[in-house]
Structures are given as C-alpha cells and as structure tokens.
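Participant: One structure, as structure tokens, below. Some questions next.
Each reported figure results from applying straightforward, stated rules to the coordinates on display, with no laboratory input. Just so you know, these numbers come straight off a predicted model, no measurement behind them. Using ideal geometry, Cβ is built from the backbone for each residue, glycine included, and neighbour counts are taken over all protein chains shown.
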2 protein chains.
Amino acid sequence: MSLRYALLALLSVEPMTGYDLYKEFEASVGHVWHAPDSQIYPELRRMEKEGLLDGEEVTWGQRGKKRRYHITDAGVQAFRDWMNTTLEYTRVRDPAHLKAAYLEWAAPEAAREQMRAHIEHHTGLRQQWEQRIREIDQDASEMLNRRLAGTPEADRDRVKAFKRFTYEGLVARAEQEIAWAERGLDLIDDLYANRRSSRQGAGTKK
Amino acid sequence: MSLRYALLALLSVEPMTGYDLYKEFEASVGHVWHAPDSQIYPELRRMEKEGLLDGEEVTWGQRGKKRRYHITDAGVQAFRDWMNTTLEYTRVRDPAHLKAAYLEWAAPEAAREQMRAHIEHHTGLRQQWEQRIREIDQDASEMLNRRLAGTPEADRDRVKAFKRFTYEGLVARAEQEIAWAERGLDLIDDLYANRRSSRQGAGTKK
DNA sequence: CGCCACTATCTATGTTGATAGTTAGTTAGC
DNA sequence: GCTAACTAACTATCAACATAGATAGTGGCG
C-alpha cells in the first residue's frame, strides 16, 4: 500500500513518467522504499483509473511516446489523508535475527561470515544515508530543490528538517546494527575459544 | 523462504503438529518471525512432500486426529545448510521512515501522534524481548529447556548465548527507534513553535 | 551505417503474506 | 446435557514483491 504513497510524494513535486519514477526510486526514495518498474507501471495505471493521477501522452523523438502523470486534487488529498492517518505496524519478520537465534547450528566461520555480511550491508546503507544528509545540508539534491522551490518559504525549514530527521534515524539504526554484529563477532570468538583452550577458570578476557 | 527454516528450527527440538507450531509462533519465535496458520499448514505439507519432514497421524480423543511432523535427516541437513549460507539482504522498505520523510504534509498533531505510535509500538516490542531475555537467564522457557536438554552439555552455553545475543540486538534496536521518535516529537515542537512565537528575530510571521 | 547503451513500457509467473471464513472434534464448567 | 473455549486443520482470495524476459524506440559514437 505504501508504494502508492511513495509515488504520490514524488508526483506532488512535478509530473513524471513511469520511467522517471523508477529512476528516482533507484536514486533517492529507493533508500527508504524500493520498487521495481514492474510494480510501478501497473500501480500508476491503477492510480489513474482511481482518479489520483492524470496521464498525458507525450511524444518523444519521431515515433516514441511516453506517458507523463500529473497528480490530481484527489491525489493530493489521498496523500494528505495517508499522512494524517497513523500507520499500523506489521508483525516482525527478520531473517537476520532469526538466524542469529540459532547460530550454534552454523560452523564458527560461517557464523562470523554472517556477522561480517551484516556489518557490510549496514555499512553500505549508512554510507548512502549519510550521503543523503550531506546533500540535504548542501542543497545538492535536484529533487529536493525542486520540492523546496514549490514550497512556501515559511515551510522550507520543515521540509528539510523532516528529511534530515528521517535519514538521521536510518543512520542511527545502521550504526546500531553494526555495533550488534561487532558484538556478535566477539561473542563467537569467546564461545569457540573456550573450547580449544579449556576455558581455564573464569576465562572471560577481552 | 525463512518460514521453512523457522519451522525446521522448532522441529529440530521435538516433533510437533501444525497447531503446536502455530501456538509456538505466537508465543516465542513469533517475536522474531511471525506467521499465520494459513501459511504454516500448507508449508508443512510441502516440506513433507520434499522429504524434510515425516508426518505421522496421531489420534486425539475419540474421533479426533492430528498430524505430527518429525524432522528428517534431510531436514536437519537443509537447516544446517541454510545456517551456513550467508543470507542475502532485501531492499529497504520502511513505511515509518517513508512517512517521516514527508511529515510536513501532516497536521502537527497527526505528526506527533505518528511519533507516539512509533514509541508505543517499539516499547511493546522491547518489553516482549526483555521478557524473553529474563526467561533465558532464569531457564524459564519451556521450549528452550527442551532444546537444551537435547544439546550436549558443552554446547549449551552457546545456545543460550546466541539466543540472548539475538534479543539484546532487538532490544537495542527498539531503544534506538524510541529515541528517534522522541527526537521527532521535540523536532515537531520546535518546528511549529517557531511559527506562533517567532523565536528570536527571524521574523517569520503568519 | 551499424552497434550499443539507454529510455520506455509491459507481461508473465511464482512466492509470500494478510485476512477471513469454514469445518469439526475436544474439554471443562455450569 | 449444554455451551463456550479451545484444539486442529484447511480453503479462498487478494495484495505485495521478486525475477525475468519481451518489445520497441532513441541518441551518440566510431
């Protein structure tokens, strides 16, 4: 259901084609919400049918054409309504922690590898998100600048502040995940060191 | 794909019926991986067909019957293989942060309500997870005790340590989310206070 | 001119998950 | 003996996502 609102958020700035939206998803919103083109195109058609968007045929080169979508008043209203509705949370479903709970089944090296992959994954995310924060601070994001251009001056601070706040939260989360996996690596070392060198008394070093 | 491995994890301790597994999902593993019965029953049948489980008809009362599933060697192997394979991470898809990124669209009170709901949701999760940690420390979990009973003594520390580690990570995550939403509440106050009481100079009236 | 990378869109298939409803037996208390 | 709550299992439908591939036009380079 959120895909629809991610699309409305982007289209509230300016009209775009499905391909534009797909590219934008890859480049920026995709850091918060990812969607493949095969999901975007049909959703846009559905949204047009429901009156949230207006589609406009645009020619492109000699014979090429593309469909550019404009948000309608109903679309703006739908987005605003969603924003004013408290979101219901879905149940936890976390493969990384599920695996962690049974890590004694893995070979020590595989367990370590799992933790390393977790660190790598979240390090990558953190970098992307920190990059987004830098772009916000330096007004370097095309999309955000266009959004700000269409925003009353008095509200611009808020637009930037909420965006920054969002990415700060994601960075903090990534850092938490990295810290957790680092502790996992230490734990694995401890648990499998105890074996070989017969844990001599209360062998909790480190 | 993970549902299958969550089921194998539980069935590696002892044979269970679909209903047992469903109940166990609600009570414990569900804090890491949730699944409705309508997903569990067909998956069990599929797993039996693939040789990961053996199903056994058990009578219950006069006419009642139920199907108890035993893990097979192939099932154990499949689980071990999964545990030794590094998991691929899926793309980010986070409704709460998607919404946060466009919070300027929400009425201030709705924005606050969103943050409060985030805090409440993660406070609930934290409580459940802290409870799990307490159970681990006090050997109060039936399921875990049965698992430990079937584990060589030398490995028991590990079983408990990894379980504890998992829930510690989840608690830390919940705390991070709570702290983030608290900051969100402060931010909302700041951003909308500026309006009414023109904070020091910077004459943004309305 | 031919090729290639890119733009643009669509389709098809399969899995996963959410929601809800159906059927039927069991157990315990009033 | 009835009823309510629980145990047990299955079915149906729909939305969401993943993955892959099909089709076709564009624009630039050598």
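Participant: When chain B is modelled as a GNM with alpha-carbon springs shorter than 10 Å, which of B:76, B:32, B:92 fluctuates the most?
Facilitator: B:92
Participant: Ok, one more. Treating the beta-carbon of each Lys and Arg as +1 and of each Asp and Glu as -1, no other charges, what is the dipole magnitude of the protein assembly as shown about its Cα centre, to the nearest 20 debye? Display every interim value, and only then the final one.
Facilitator: Details: 66 positive and 68 negative charges, 43 e Å.
It works out to roughly 200 debye.
Participant: Taking each residue of A:114-122 in turn, how many C-beta atoms of other protein chains fall within 10 Å of its C-beta, and what is the average? Walk me through the intermediate numbers first.
Facilitator: Values: counts 5, 1, 1, 4, 4, 0, 2, 3, 1.
Mean shielding by partner chains, rounded to a whole number: 2.
Participant: Could I ask something else about it? Could you identify which residue out of A:170, A:11, A:98 has the top mean-square fluctuation in a GNM of chain A using Cα springs shorter than 10 Å?
Facilitator: A:98
Participant: Let me ask you something else. Take every Cα pair under 8 Å in the range B:2-84 that's 6+ residues apart, average their separations, divide by the length, and report that relative contact order as a whole percent.
Facilitator: It rounds to 34 percent for the range B:2-84.
Participant: Now for a separate question. Under a GNM of chain A (C-alpha, springs under 10 Å), which listed residue has the highest mean-square fluctuation: A:95, A:15, A:108?
Facilitator: A:95
Participant: Magnitude of the Cβ-charge dipole of chain A, K/R +1 and D/E -1, about the Cα centre, nearest 20 debye? Spell out each step's value before the answer.
Facilitator: Working: 33 positive and 34 negative charges, 103 e Å.
That gives a dipole near 500 debye.
Participant: Can you pull the three principal axis extents for the Cα set of the range A:2-84, in Å, largest first?
Facilitator: Cα spread of the range A:2-84 along its principal axes, largest to smallest: 45, 27, 20 Å.
Participant: Relative contact order for the range A:95-196: what percent, with Cα pairs under 8 Å and sequence separation of 6 or more?
Facilitator: Numbers: 54 pairs, mean separation 46.5, N = 102.
So the answer I get is 46 percent.
Participant: Using unit Cβ charges (K, R positive; D, E negative) and no other charged atoms, how large, in debye to the nearest 20, is the dipole of the range A:57-142 about its Cα centre?
Facilitator: On the way: 14 positive and 14 negative charges, 99 e Å.
I would put it at about 480 debye.
Participant: Kindly point out which whole DSSP H helices in chain A project their C-alpha atoms 27 angstrom or further along the helix axis while averaging a Kyte-Doolittle hydropathy of -1.0 or above. Kindly include the intermediate steps, with their values, before the conclusion.
Facilitator: Values: long enough: A:108-137 (43 Å, -1.54); A:153-196 (66 Å, -0.81).
Length and hydropathy pass: A:153-196.
Participant: Same structure, new question: Please name which of A:10, A:148, A:29 has its Cα lying farthest along the dipole of chain A towards the positive end, using unit charges on Cβ (Lys, Arg +1; Asp, Glu -1) and the Cα centre as origin.
Facilitator: A:29
Participant: Follow-up question, since we're still on this one. Taking only C-alpha pairs under 8 Å that are 6+ residues apart, what is the relative contact order of chain A in percent?
Facilitator: Values: 156 pairs, mean separation 37.2, N = 206.
That works out to 18 percent.
Participant: Given H placed on each backbone N at 1.01 Å, which residues far from residue B:17 in sequence or on other chains put an amide H within less than 5 Å of it?
Facilitator: Distant-sequence amide H within range of residue B:17: B:69.
Participant: Continuing with the same structure: For the protein assembly as shown, what does the helix formula give at 222 nm: sum of -39500 (n - 2.57) over DSSP H segments with n ≥ 4, over the residue count, nearest 500 deg cm²/dmol? Each step should come with its number before you reach the end.
Facilitator: Details: 16 runs with 266 residues, N = 412.
Dividing the helical sum by the residues of the protein assembly as shown leaves -21500 deg cm²/dmol.
Participant: Next question. Compute the separation of the alpha-carbon centres of the range B:30-85 and the range A:79-125 and state it in Å as a whole number.
Facilitator: That distance is 24 Å.
Participant: Taking a point 7 Å out from Cα toward Cβ as the label site, list the nm distances between residue B:67 and the same residue in every other copy, smallest first.
Facilitator: 4.4
Participant: Positive end of the charge dipole of the protein assembly as shown (Lys, Arg +1 and Asp, Glu -1 on Cβ, about the Cα centre): tell me which of A:138, B:52, B:123 has its Cα farthest that way.
Facilitator: A:138
Participant: While we're on this one: Using only Cα positions of the protein assembly as shown, each an equal point scatterer, no hydration layer, compute I(q)/I(0) via Debye at q = 0.06, 0.07, 0.10 Å⁻¹ and quote the log10 values to two decimals.
Facilitator: Log-scaled intensity ratios, in q order: -0.33, -0.44, -0.82.
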